[in-house]
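Each remark here refers to the structure printed beneath this line.
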Amino acid sequence: MAGKALIIVDVQPTFCEGGELGVEGGTAVAERIAQYVKAHGDDYTYVATTQDWHIEPGSHFSDHPDFVDSWPKHGVAGTPNAELMPQIAALGVQHHFKKGQYASAYSGFEGIEDNTDRVQTRAEFATMQKDGKTLAQGLKDAGVDHVDVVGLAESHCVKETALDARKLGYSVTVFEDMTEPVSEDQGVSARQEMAEAGVELKDGIVG
């Protein structure tokens with residue numbers, strides 16, 4: 001029997017208020033996701049988190065960022081702000097995907113599963129990808145046919161993760177009450193792009 005997956009994207013201090021790329025409402029998103037998982041976690045066959053885990057991401061980091069393709073340093077591997085927000089860490093999720101070690105990597109599907117806090121070498125990262133320690137493989141092995149996506153930020157990593165899930169043939173829902181965009185303009189654009197790709201946008205009805 002096919003099942004559902006929940007992907008919790010980049011709910012890290014680096015993207016919440018006070019972080020290097022803090023999104024307004026980020027902490028509230030973390031709290032709502034935690035409430036939702038406590039109430040509905042048993043509905044899912046597979047639950048995973050993603051984290052920006054940047055080591056040497058090239059031009060993704062810039063001292064003069066354009067906030068489109070380049071950004072201030074954020075989500076630096078091994079630092080407290082790259083960890084999961086405490087509300088999410090306390091949920092006991094089993095599958096953790098680290099992304100962006102040596103590239104920009106907006107989508108969770110670009111990462112590798114590593115449930116430790118190790119800082120991977122380029123060789124380790126490449127080997128883990130080659131060995132199938134990827135989100136795509138995890139979903140396939142779990143027999144999933146539907147993916148729910150929540151987290152930060154809607155306009156960037158949530159959108160790209162949802163779009164990649166659609167490209168892999170999954171039906172996809174993004175819960176609007178458990179995500180926030182970098183800005184409202186970018187949120188409008190992201191929602192339009194996701195809707196056009198067949199992503200369902202609705203509230204998760206926390207409670």
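The values are calculated or read from the model by the stated rules, or taken from the named source; none is laboratory data. Remember, predicted model here, so these are calculated numbers, not experimental data. With ideal geometry, Cβ positions are generated from the backbone for all residues, glycine too; neighbour counts draw on all protein chains shown. Accessible surface is based on the protein model in full, side chains and every heavy atom, while ligands, DNA and RNA are left aside. Shrake-Rupley method; radii C 1.70, N 1.55, O 1.52, S 1.80 Å.
Brief remarks follow.
- The Cβ shell under 15 Å around ASP185 holds other residues with a net charge of -3, Lys and Arg each +1, Asp and Glu each -1.
- In the chain, helical runs assigned H by DSSP with n ≥ 4 each contribute -39500 (n - 2.57); averaged across all residues and rounded to the nearest 500, the mean residue ellipticity at 222 nm is -8000 deg cm²/dmol.
- A compact globular protein would have a Cα radius of gyration near 2.2 N^0.38 Å; the ratio found for the range 134-207 is 1.06.
- Rounded to the nearest Hz, the phi-derived 3J(HN,Hα) couplings of the range 82-91 under the Karplus curve 6.51 cos²θ - 1.76 cosθ + 1.60 (θ = phi - 60°) are 8, 5, 5, 4, x, 4, 7, 4, 6, 7, where x marks glycine and proline.
- With Cα atoms defining each centre, the range 60-92 and the range 37-52 are spaced 21 Å apart in the structure.
- Solvent-accessible area, 1.4 Å probe, carbon plus sulfur percent, for the chain: 50
- Surface per residue (accessible, 1.4 Å probe) for the range 24-106, Å²: 46
- If R0 is taken as 22 Å, the Cβ-Cβ distance between ALA103 and SER62 corresponds to a FRET efficiency of 0.90.
- Å² of accessible area per residue within the range 163-207, as computed with a 1.4 Å probe and no ligands counted: 53
- Interchain or long-range residues, amide H under 5 Å from ALA77's placed H: HIS54, ILE55
- Distance between the C-alpha centres of the range 141-192 and the range 7-27: 16 Å, rounded to the whole angstrom.
- The Cα atoms of the chain give a gyration tensor whose axes a ≥ b ≥ c have a/c under 1.5, which makes the shape rounded.
- Two-site FRET efficiency, ASP185 against ILE205, from Cβ-Cβ distance with R₀ of 25 Å, rounded to 0.05: 0.40
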